[in-house]
């Protein structure tokens with residue numbers, strides 16, 4: 001590994017690296033940036049949130065939005081000569097975050113899966129991702145504990161990202177581990193009072209139960225040989241995409 005390359009430098013600069021292979025970056029967005037992003041991206045008038053998303057034929061409990069950067073780019077170019085129609089659009093904020101990640105990590109983001117969790121009971125059970133790409137995840141709003149379980153030893157590692165934190169999850173992690181997202185209630189049961197309070201507000205009056213989670217699908221640079229995605233993984237990801245859209249396979 002050439003340590004001088006931007007991608008490798010960024011990995012080495014991680015706040016923490018978990019044994020499972022996950023890289024954590026505390027405060028990727030500053031507190032002010034995180035609050036601003038939460039206000040804009042959580043607004044239904046600025047992001048076309050789907051309140052009843054369907055996956056594999058099942059209606060999900062969270063709100064969702066799928067952001068295809070290629071389609072967005074084409075759409076924006078067509079409207080280039082018009083007045084600044086996207087100036088206050090939440091998608092502009094999302095694109096700015098994409099650009100920041102791309103610049104900092106020297107990667108290329110193709111797609112963003114956006115989740116808005118407003119039910120404190122909502123949780124995602126043990127699973128592995130088979131999308132055929134590496135991902136990084138940005139958290140905004142309230143905290144949720146995320147656990148990673150080794151398939152062989154059953155040992156569990158966990159993290160509880162705060163607002164503005166980012167973690168990188170290489171595709172190969174799914175070959176050795178499963179992961180789950182705990183509910184807000186589960187998270188609160190094992191957290192200290194101070195760690196739950198993002199706004200230094202003991203009363204909780206200024207706290208929101210809403211949590212936004214943005215999953216950025218990215219391709220590592222060519223020089224990052226260890227992050228090259230195999231043809232098999234790409235095929236699995238392609239089939240998974242078809243399965244999501246059609247409910248078939």
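The values are calculated or read from the model by the stated rules, or taken from the named source; none is laboratory data. Small disclaimer: the values here were computed from a predicted structure and weren't measured. Because the Cβ atoms are built from the backbone with ideal geometry, glycine has one as well, and the counts that use them run over all protein chains shown.
A few notes on this one:
- Those residues of region 109-122 which are surrounded by fewer than 20 Cβ atoms within 10 Å (Cβ to Cβ) and either under 15 Å from the mean Cα position of the chain (by Cα) or assigned to a helix (DSSP H, G or I) (or both), in sequence order: 110, 111, 113
- Residues satisfying the stated conditions in region 30-49, i.e. in contact with a strand residue (DSSP E or B) (Cβ under 8 Å, 6 or more places away or on another chain) and free of Cβ contacts under 8 Å to residues at least 60 places away in the same chain: 48
Residues are listed down the side, and each one gets a yes or a no for (1) in contact (Cβ under 8 Å) with a residue 24 or more places away in the chain; (2) under 21 Å from residue 189 (Cβ atoms); (3) touching a helix residue (DSSP H, G or I) at 6+ places or on another chain (Cβ under 9 Å); (4) surrounded by fewer than 22 Cβ atoms within 10 Å (Cβ to Cβ):
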| position | (1), (2), (3), (4) |
| --- | --- |
| 149 | yes, yes, no, yes |
| 153 | no, no, no, yes |
| 157 | yes, yes, no, yes |
| 160 | yes, yes, yes, yes |
| 172 | yes, no, yes, yes |
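- The one condition in (1) more than 30 Å from residue 240 (Cα to Cα); (2) modelled with pLDDT under 90; (3) out of contact with any helix residue (DSSP H, G or I) (no Cβ under 6 Å at 6 or more places or on another chain) that residue 33 fails to fulfil: (2)
- Looking only at residues of region 86-108 that are in contact with a helix residue (DSSP H, G or I) (Cβ under 6 Å, 6 or more places away or on another chain) and free of Cβ contacts under 8 Å to residues at least 60 places away in the same chain, we find that the one that is surrounded by the fewest Cβ atoms within 10 Å (Cβ to Cβ) is 86.
- Of the residues making up region 132-154, those that are assigned to a loop (DSSP other than H, G, I, E, B) and touching a strand residue (DSSP E or B) at 6+ places or on another chain (Cβ under 7 Å) are 133, 142, 144, 145, 151.
- In the set (1) at pLDDT 95 or above; (2) more than 25 Å from residue 149 (Cβ to Cβ); (3) part of a loop (DSSP other than H, G, I, E, B), the condition left unmet by residue 19 is number (2).
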